[in-house]
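Presented below is the structure to which this report refers.
Please treat every number below as a calculation from the coordinates, not as lab data. Since the structure is predicted, the reported quantities are computational estimates derived from the model, not experimental observations. Ideal geometry is used to build each Cβ from the backbone, glycine not excepted, and the neighbour counts take in all protein chains shown.
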Amino acid sequence: MFKLQHKTLLILSGCMWFLPGFFLMYLGMKLIVIDPQNLSGVNSAAALVAFALMIGYFKGKYVMRKSANRIVARIQGLPNPISLFKAYHPAYFILIASMMGIGMFIKALGLPNEIRGFIDVAIGSALINGSMNYFRSAKYLTA
């Protein structure tokens with residue numbers, strides 16, 4: 001089975017949060033700011049983005065950080081090297097699949113672009129904020 005070192009797994013975990021977060025931020029900004037259907041104006045679009053970023057920051061700091069720290073502790077508690085599938089609890093994969101499903105459901109609801117964009121920016125910024133815990137943990141990992 002394919003096995004990885006702790007540091008590599010932490011960086012991979014960070015990327016698994018950062019890349020979707022970046023994609024959601026991009027998509028959300030596009031829906032709010034660039035979309036020609038957005039008739040609410042520049043000031044209200046900027047306020048909407050700022051509010052979404054603030055919510056994402058706090059969610060990342062107080063919710064995502066706890067989740068990331070649990071996964072970091074799990075990875076560091078297992079012997080080196082680790083199989084990719086043993087590094088994560090099965091519930092983690094269920095969580096990822098359910099979040100993807102929720103995202104598809106929100107898209108299918110046909111919500112206005114400003115609301116979808118707001119949700120995407122908030123979730124994206126939370127994921128990016130949470131991913132930093134993985135990268136910091138990998139940076140300071142000694143062995």
**Prompt:** Taking a point 7 angstrom from the Cα of Arg136 along the C-beta vector, which residues in the stretch 41-81 have backbone N less than 15 Å away?
**Reply:** 57-73
**Request:** Compute the length gained on full extension between Ser44 and Gln76: take 0.36 nm times their separation in residues and subtract their Cα-Cα distance, giving the result in nm to one decimal.
**Result:** 7.1 nm
**Asked** Among [x] 47.4, 128; [y] 17.3, 63; [z] 17.1, 55, which is the computed Rg and Dmax of the Cα atoms in Å?
**Response** [z]
**Message:** Pick from Ala68, Ala45, Ala91 the residue whose mean-square fluctuation is largest in a GNM of the chain, springs joining Cα atoms under 10 Å.
**Reply:** Ala91
**Item:** Residues of the stretch 81-98 with amide N under 17 Å of a point placed 7 Å along Cα→Cβ from Gln5
**Value:** 81-84
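Please order His89, His6 by the number of other Cβ within 10 Å, starting at the fewest.
His89, His6
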**GNM top mover of Gly101, Gly124, Gly60 - the chain, alpha-carbon springs below 10 Å** = Gly101
**Complete:** Subtracting the Cα-Cα distance of Val33 and Tyr57 from 0.36 nm times their residue separation yields 6.7 nm
